[in-house]
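Below is one structure, written out as structure tokens; comments come after it.
The values are calculated or read from the model by the stated rules, or taken from the named source; none is laboratory data. Note that the coordinates shown come from a computational prediction; the quantities given were computed from them, not determined experimentally. Here the Cβ positions follow ideal geometry from the backbone for every residue, glycine too, while neighbour counts run over all protein chains shown. Protein only, heavy atoms only, side chains kept; ligands, DNA and RNA dropped before computing areas. Shrake-Rupley method; radii C 1.70, N 1.55, O 1.52, S 1.80 Å.
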Amino acid sequence: MIKAVVFDAYGTLFDVQSVADATEQAYPGRGEYITQVWRQKQLEYSWLRALMGRYADFWSVTREALAYTLGTLGLEPDEAFLAGMAQAYNHLTLYPDAARCLAEMAPLKRAILSNGAPDMLRALVANAGLADSFDAVISVDAKRVFKPHPEAYALVEEVLGVTPAEVLFVSSNGFDVGGAKNFGFRVARVARLPREALARELASGAIAPLTVFKALRMQEETYAEAPDFVVPALGDLPRLIAETAGGTR
């Protein structure tokens, strides 16, 4: 029986591509490049820090990744600029079907488990008007390690008081799907970009930075166990849960 639905934040409930408005405004003509490299380095730095045992919270990682990205363009912004630009990650656009999906999940426990720092997540949820939509907003900062480390997923049990078998974990990120499945959660992958659509995009001509992001971050990983469920959008989750509770798949 599913007792709790736990969502990843960045890329699952909130569109990381929405920082492109801020990057393009700051650097016209370079916004798409900055957006994609920034996100890739943000994730990479979280994994590298976890492997090296040199934890820094996601706010620090986000600024470090932005500094790297701008450095590839020969730019050396000061700390005040980096902090101001990084605020874009506290104002990400909510996916259009997210709020309705969360509302239809009640009375199940609803939570976020995210690599985001506590202050980042509080701001993100508040700015999206979702403060009353969750039983818990959980940051990995409490364990000082990033997903997909098992200790990060263990926070769900500790905070919500549920077993892994009672959790449906929802993510669009392949590394997160693999980590959650490895931990023992039932996992639903949000597959917003089918492989066939990506193949058509890759075959259409010059490959843009956004297309590279789609190839790296929006597809199912081959190293990990497959998710239990695949849905094309968040809006399909309530029906999936209802069918699962009724004994069908």
- Query: With each label point set 7 Å from Cα along the Cα-Cβ vector, what nm distance links A126 and L202?
  - Reply: 4.3
- Quick one: Karplus J couplings for the range 15-25, per residue in order, coefficients 6.51, -1.76, 1.60, θ = phi - 60°, nearest Hz, x for Gly and Pro? 7, 5, 5, 6, 6, 4, 4, 6, 5, 5, 5
- Query: How far is helix 150-160 tilted, in degrees, relative to the longest principal axis of the Cα atoms in the chain, given as a value from 0 to 90 rounded to the nearest 10?
  - Reply: 50
- Task: Give me the accessible area of E158, 1.4 Å probe, in Å² rounded to the nearest 10.
- Result: 110
- Under-5 Å amide H pairs with V187, H placed in peptide plane, nonlocal only: F169, D228, F229
- Where in the range 66-92 does the amide nitrogen come within less than 11 Å of the point 7 Å from the Cα of A56, taken along Cα to Cβ? 66-68
- Query: What residues have an amide H closer than 5 Å to that of I138, excluding those fewer than 5 places away on the same chain, when H is modeled at 1.01 Å from N in the peptide plane?
  - Reply: I112, L113, S114
- Query: Taking a spot 7 Å from the Cα of A99 along the direction of its beta carbon, which residues of the range 137-166 have an amide N less than 20 Å from it?
  - Reply: 137
- Counting Lys and Arg as +1 and Asp and Glu as -1, what is the net charge of the other residues whose Cβ lies under 11 Å from the Cβ of G84? -1
- Message: Report the rotationally averaged projected area of the range 1-145 based on its alpha-carbon convex hull, in square nanometres.
- Response: 9.4
- To the nearest 0.05, the calculated FRET efficiency linking A142 and A80 through their beta-carbon distance, R0 being 22 Å, is 0.15
- Item | Paramagnetic label zone (point 7 Å from Cα along Cα-to-C-beta, Y27; backbone N under 11 Å) in the range 72-89 | 72-77
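Could you rank L48, L66 by how accessible they are, 1.4 Å probe, largest area first?
Reading off the accessible areas and sorting them downward yields L48, L66.
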- Task: Note down the nm distance, to one decimal, between modelled labels 7 Å out along Cα→Cβ at A242 and at V230.
- Result: 2.4
- Query: Over the chain, what relative contact order in percent results from Cα pairs under 8 Å that are six or more residues apart?
  - Reply: 23
- Item | Distance between the range 91-105 and the range 40-80 - C-alpha centres, whole angstrom | 28
- Query: So if R0 is 30 Å, what FRET efficiency would Q87 and M1 give, r being the distance between their Cβ atoms, rounded to the nearest 0.05?
  - Reply: 0.15
- Task: Report, ordered by chain and residue number, the lysines lying within cross-link reach of K41, taken as a straight Cα distance under 26 Å and ignoring same-chain residues fewer than 8 apart.
- Result: K143, K147, K181, K214
